[in-house]
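Pasting a structure below so you can have a look.
Read-outs throughout are calculated quantities, based only on the coordinates presented, and are distinct from any laboratory measurement. None of these values were measured; they are calculated from a predicted model. Glycine gets a Cβ as well: all are built from the backbone with ideal geometry, and neighbour counts include every protein chain shown.
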Amino acid sequence: MRLELPIAIVAFLPLVVPSAERLSAAERKPNFIVINVDDLGYADIGPFGSTLNRTPHLDRMAREGRKLTSFYAAPVCSPSRAALMTGCYPKRALPIPHVLFPASEVGLSPQEITVAEVLKTAGYATAIIGKWHLGDQPEFLPTNQGFDLHFGLPYSNDMGPAADGVKSDLGKPLPMTNGAGQPPLPLLRNSVVVKRVLPDDQQSLVEIYTQEAEAFIAAHATTPFFLYLPHNAVHFPLYPGKAWAGRSPHGLYSDWVEEVDASVGRIFASLRAHGLAENTLVIFTSDNGGTPRAVNAPLRGNKGSTWEGGMRVPTIAWWPGRIPPATECDAIVGMFDILPTLTALAGAQIPTDRKLDGANIWPHLADTATDKPAHDTFYYYRGLRLEAVRHGDWKYQIAASSAPANKKAAEPVFRAKLYNLRMDISETTDVAAAHPETVAQLQRLVAAMQDDLGLDGPAPGSRELGKMPQALPLINHAGQVRAGFAPLAP
């Protein structure tokens, strides 16, 4: 499926402010682009050590920008995206045990203030092109959370019936299933279901998202904009585009990583073509650690865990003339810092009626930071449970399971462990016995969170979820589009 770009551009024209053409680059507010890849591993791209995947555009981004080597997301996607949108630990803004599913009764509350809503107060045009995954009921969707435009999927590309090809990779046989399973996967434009997603559509996702992003940039070349580009790639099922499938000698996963890299290159080409490169901050990241098919080396663990490989993600910040080229920063930063940072750069007002956990990390991006870190301490939540805490170079793992190898334990056995991440980034050696004073210090940090986000389950510092009883899918199992989401008759 190929969308006609002029139509997409025309849709945005009313938002363009002609008088902005007379502003110099120094007088304009900066533009922001956040590119968020799904399930990308720490070492899946060249700047972070990949020897398998060819990523020339990300290599160039790193040469011209700054690598963030201790950038934290969450173990899985919905919590990570909640942190990005709200500037909070996921458990504060979206207290759920795992991820959201189609037709869930809960989602990110409309009472939350998203980064898009904050930037709109400063005159920004806002768009999300790609995966949302913070609730698929009308009240939870992006156009009710501060975005002028949403084009993409409401959740992961594997959330649909097996018969539609969403439970198997490109070219693989459909799995055997009992019953209809999840409802069909919809492609949305704002509040209209464009179509039911089938294998050909899966293969076109990176291409059509890139086209839409190029159109949005072109339409807002003279007015400040925030473009959030969360790809469904490289999440299972693997569906590299038809021009990319089979290009890499390393299989479908590498094909898709390389297609995403090419998309990044097109975004930069668009910025340069419109004279926007020197006035645009671009952040490239991943929503969580990679799955076992990814490469997370030298980090331990994968998506779904609170090992470094589950939450530390490859991140690059780029802004020519403002961010020093070919540099890196190892300060503790993360998804929840995006809202405060963009807010400060836009000259907008950060929400003051609620607690935020993120910080303005611009000094760390621009290399003007003093010795004061962005965050002394970072808490690793897996769903509602606190499993580890980092303070400086030290990581205290609260819940390390060690069941006997030859049988399942009736009750998991937990023994806290301590790692020095500067000396042992792979978390191989427990040094708790040698550093009892550090263990005691980090135990106090754990205890300090007890009355805020808690150690497990409901917590005083968690805000209410959005709730929509009697939730309905956007497309039901009979293929009928939900009332109000069908396109208008011509």
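With a sphere of radius 9 Å drawn around the Cβ of Pro325, what net charge do the other residues whose Cβ falls strictly inside it have (Lys, Arg +1; Asp, Glu -1)?
Result for the local shell: +1.
Of Phe48, Phe284, Phe485, how do they rank once you tally other Cβ atoms within 10 Å and put the fewest first?
Phe485, Phe48, Phe284
Let me ask you something else. Arrange Glu64, Glu105, Glu258 by Cβ neighbour counts within 10 Å, fewest through most, would you?
On the way: Glu64 18, Glu105 14, Glu258 22.
Fewest to most other Cβ atoms nearby, the residues stand as Glu105, Glu64, Glu258.
Moving to a separate point now. Over the chain, what is the percentage of antiparallel beta bridges among all DSSP beta bridges, to the nearest 5?
Antiparallel bridges: around 55 percent, rounded to the nearest 5.
Taking a spot 7 Å from the Cα of Asn190 along the direction of its beta carbon, which residues of the range 145-170 have an amide N less than 13 Å from it?
Once the point is set 7 Å along Cα→Cβ of Asn190, 147-151 turn out to lie under 13 Å by backbone N, inside the range 145-170.
Please give the contour-minus-distance gain from Gln443 to Arg28: 0.36 nm per residue of separation, less the Cα-Cα distance, rounded to one decimal in nm. Numbers along the way, then the final one.
Details: separation 415, 0.36 × 415 = 149.40 nm, distance 4.71 nm.
Here the answer is 144.7 nm.
Using the membrane-span-like helix rule (whole DSSP H runs, Cα extent along the own axis of at least 15 Å, mean Kyte-Doolittle hydropathy at least -1.0), which helices of the chain qualify?
Span-like helices here: 199-219, 252-273, 436-448.
To continue, here is another question. Net charge near Tyr42, counting Lys/Arg +1 and Asp/Glu -1 over other residues with Cβ under 10 Å of its Cβ?
Here the count lands on -1.
What is the sum of charges, Lys and Arg at +1 and Asp and Glu at -1, for the other residues whose Cβ falls under 12 Å from the Cβ of Ala416?
Cβ neighbours under 12 Å give a net charge of +1.
What 222 nm value per residue comes from the helices of the chain, counting each DSSP H run with n ≥ 4 as -39,500 (n - 2.57) and dividing by all residues, nearest 500 deg cm²/dmol?
Working: 11 runs with 110 residues, N = 490.
Theoretical 222 nm ellipticity from helices: -6500 deg cm²/dmol.
Quick one: which residues, 5+ away or cross-chain, put their amide H under 5 Å from the amide H of Leu418? H built at 1.01 Å from N.
It is Gln397, Val431, Ala432, by chain and number.
Further, regarding this structure: Given an 8 Å cut-off on Cα distances and at least 6 residues of separation, report the relative contact order of the chain as a percent.
Computed value for the chain: 25 percent relative contact order.
Please go through the residue pairs Lys172/Lys467; Lys131/Lys467; Lys167/Lys467; Lys167/Lys417; Lys195/Lys242; Lys91/Lys195 and name each one whose alpha carbons sit more than 30 Å apart in this structure.
On the way: Lys172/Lys467 38 Å; Lys131/Lys467 21 Å; Lys167/Lys467 28 Å; Lys167/Lys417 37 Å; Lys195/Lys242 19 Å; Lys91/Lys195 33 Å.
Flagged as over cut-off: Lys172/Lys467; Lys167/Lys417; Lys91/Lys195.
How far apart, in nanometres, would the label points at Arg422 and Thr368 be if each is projected 7 angstrom from Cα along the Cα-to-Cβ direction?
Result: 2.6 nm between the two label points.
Next up: Based only on other Cβ atoms within 10 Å, what is the fewest-to-most ordering of Asp201, Asp59, Asp136?
If I rank by nearby Cβ atoms, fewest first, I get Asp59, Asp201, Asp136.
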